[in-house]
Amino acid sequence: MHNNKTSYQTSDKNRPRNIGAIDIGTNSTHLLITAIDPIISTFNIKIAEKETTRLGEVDPETGELTDNSMSRVLETLHRFKELSASHQVEELVVAATSAVREAPNGNFFLSQIRDLIGLDVELISGTEEARLIYLGVLSGMKFSESPHLLIDIGGGSTELILADRKDARALTSTKIGAVRLQRDLIHQTTLSEKRIDFIKTFIQGTLEPAIQKIVRRINPGETPLMVATSGTALALGSLIANEEINHKSHLHGYLITKEKLDKLMNKLVRMTYEDRVKLPQLNERRAEIIIPGGLILQKSMEMFKINELYLSERALREGLILDWMLRHGICQDRFSFQGSIRKRTVIHQVKRFAVDSNRAQEVAKNALDFYDKTYGILHTDNGIGRELLWAASMLHSCGKHINISSYHKHSWYLIRHGELLGYSQSEHLMVAAIARYHRKSLPKKRHQSWQLITNRNHRKIVLEMSLILRLASAIDKRPLSAIKSIKIESQTQKLKVSFIAKNSDQNLNLERWCLSECSSTIKEVCGVDLEVY
């Protein structure tokens, strides 16, 4: 990538650095300003700006970028550069995608950007765009052992990627996108069923080579998890989520089923443009291209025979940032970044909410100690809850700076509406609920934090993990812990706990009394007698 360095550079490698990324797309131009923490090898998004510049509205006869569209981008880039300077961004990574690489005057436009704005732009190939999208999704979502099938529906191209947490197995880019499809095939305000069938057939024929390539790389017995990113997918997700009673304010990790997508698309294709633009989730431009974009997503799921997918709010722009970090040695490799994604995002939130990190780590250590030694007594978790318990333990007190007496409720709100990368939507809600119920009342049907967790097994995990966190936080009463270790003996219907002090003359009656206060709750939920010595 080209370097667009500024005078804000610093020689201190461990000092937080502000790095920006600009994505010049077919429909929109995006700016991302991030604060990179070299110590924990992560980045925090400070500013995310988007301008609908419609660069894909090319001259119908020559295919060239029009003067109006180029002017819109130049004006936006000038503003983005000034905004970046105001945030002391030391380097801007700028990339252009399909609209520029396909236009006969694309190189001329890049020279204009360099001469008039002072920015060097990397014109990336379709395959490189797919690789960067993979890195972007990787930066914000934990990949399991199963491969992930990523789809990014842009304005001029659709990237399909088969990847796992170690590497990308297949990177494809196809010349079909929401803007291109709208421009070439959709000229009516409403579409007949016959026209929709024709468009779907066209989509299928265009996507087939890429899909066949990906299917060949899927090993026998594997079932890929589908992840969709881009403005089209997020807009569709927002429309679907709006139908739910307790929909999320952000969509990262949100689950969409094929059934819900089909129902939404059946509704959208019957609406006129004037009707769609009235929907609060769609701006004027998105209302215009939502149908072709939705048809691409619909047909992709159908061709892969996949019935559900997750949304990722991270894509190309975040990929540009992670790629910069990899090239500058801030991350050693993709695998190390992916392997610690959950830990890094929790540590980032600990810093963000000014949580006492040392005390949080002590609570987390004690919580995991209780977890490991009470299987069959306080929980029957198969390992899923352990990582959620750790995250909730680290963040359970983040609401204290809002209101000390009801801080658990504020912790729930902050965690729920914060960013927990690497956690699915359901896991995110579970972490927040574990923190919510670590003190005072047990879950009640009227609580929103309980209503949001609809899966019965997830509720069981939350209840069990919150009880364990209740014990660990109960003995966290001093600025510096006086406990060296905890001795836990599990017997049938009985739990015996004793402490060893860090100093032999240290009195631990405070911790014993506080832990004993949990005995009635443990008895009520588990039927277990808690004895503290």
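The values are calculated or read from the model by the stated rules, or taken from the named source; none is laboratory data. Keep in mind that this is a model prediction, so the values were computed, not measured. All Cβ positions, even for glycine, are placed from backbone atoms using ideal geometry, and neighbour counts span all protein chains on display.
In summary, residue 520 fulfils each of the numbered conditions (1) at pLDDT 95 or above; (2) surrounded by fewer than 17 Cβ atoms within 10 Å (Cβ to Cβ); (3) touching a strand residue (DSSP E or B) at 6+ places or on another chain (Cβ under 8 Å) with the single exception of condition (3). What's the number of the condition residue 379 fails, among (1) at pLDDT 95 or above; (2) within 24 Å of residue 141 (Cα to Cα); (3) crowded, with 21+ Cβ neighbours inside 10 Å? Status for residue 379: all satisfied but (2). Is it the case that the range 205-223 has a residue that's out of contact with any Gly (no Cβ under 8 Å at 6 or more places or on another chain) and either outside the structural domain of residue 174 (by TED's automatic domain parsing) or closer than 28 Å to residue 454 by Cα (or both)? For the range 205-223, residues out of contact with any Gly (no Cβ under 8 Å at 6 or more places or on another chain) and either outside the structural domain of residue 174 (by TED's automatic domain parsing) or closer than 28 Å to residue 454 by Cα (or both): present. Out of 33, 22, one residue alone is in contact (Cβ under 8 Å) with a residue 24 or more places away in the chain, in contact with a Leu (Cβ under 6 Å, 6 or more places away or on another chain), within 26 Å of residue 106 (Cα to Cα) and of a type in the set (Val, Ile, Thr). It is 22. Pairing each residue of the range 76-98 that is under 13 Å from residue 118 (Cα atoms) and not assigned by TED's automatic domain parsing to the domain that holds residue 158 with any residue that is small (Gly, Ala, Ser) and loosely packed, with under 14 Cβ neighbours inside 10 Å, provided the two are 6+ apart or on different chains, yields C-beta distances under 8 Å for 81/118. Of all residues in the range 203-211, none satisfies being among the aliphatic types (A, V, I, L, M), modelled with pLDDT under 95 and within 18 Å of residue 300 (Cβ to Cβ).
Residue count for the range 486-500 satisfying the condition of being touching a residue at least 60 places away in the same chain (Cβ under 8 Å) and either among the small types (Gly, Ala, Ser) or more than 19 Å from residue 378 (Cβ to Cβ) (or both): 1. When residues in the range 208-243 are screened for being in contact with a Ser or Thr (Cβ under 6 Å, 6 or more places away or on another chain) and surrounded by 21 or more Cβ atoms within 10 Å (Cβ to Cβ), 3 of them pass.
Each row is one residue, and each column tells you yes or no for (1) of a type in the set (Val, Ile, Thr); (2) within 23 Å of residue 202 (Cα to Cα).
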| position | (1), (2) |
| --- | --- |
| 74 | no, no |
| 98 | no, yes |
| 116 | no, no |
| 143 | no, no |
| 153 | yes, yes |
| 169 | no, no |
| 172 | yes, yes |
| 175 | no, yes |
| 182 | no, yes |
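Would you confirm, using the coordinates I've provided, whether residue 358 is of a type in the set (S, T, N, Q) and modelled with pLDDT of 95 or more? Criteria not met by residue 358.
Any residue in the range 412-423 that is within 20 Å of residue 45 (Cβ to Cβ) and among the basic types (Lys, Arg)? Yes, some residue in the range 412-423 is within 20 Å of residue 45 (Cβ to Cβ) and among the basic types (Lys, Arg).
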